1. For segment 15-48, give me the residue count where each residue is small (G, A, S) and surrounded by fewer than 10 Cβ atoms within 10 Å (Cβ to Cβ).
2. Out of segment 37-62, which residues are in contact (Cβ under 8 Å) with a residue 24 or more places away in the chain and more than 10 Å from the chain's Cα centre (by Cα)?
3. Collect the residues in segment 1-18 that are modelled with pLDDT of 75 or more and either assigned to a helix (DSSP H, G or I) or farther than 22 Å from E52 by Cα (or both), keeping them in residue-number order.
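The values are calculated or read from the model by the stated rules, or taken from the named source; none is laboratory data. All values reported here derive from a predicted model rather than from experimental measurement. Methodologically, a virtual Cβ is constructed for each residue, glycine included, from the backbone with ideal geometry; neighbour enumeration extends over all protein chains shown.
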Amino acid sequence: MGVYHSHNALTGPLTPDRLAAVELPRTPLGRRGYRPDDVDALLHRLAYEVGERTRQREQVLEENRRLKHALRTWQSEHATTRLDR
């Protein structure tokens, strides 16, 4: 499922500063609050980007664990080789 993009939604990557500065357009006179479609679009975008960043972070952490394990294995093998000389 894709992300719904409102004509009022933010473009480009979301940052904390940009999120804090979000100003959603007000509804027409006689109604109070924000337009539900604009709020829903922003919430869907936020959910999507937070989900993507969470997945990317998990991938980076897993790669980091894999590399650390490979480095420790390599160091152990080479430390044994040096001691045998």
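1. Total meeting the criteria: 4.
2. Result: D37, D38, D40, A41, L42, H44, R45.
3. D17, R18
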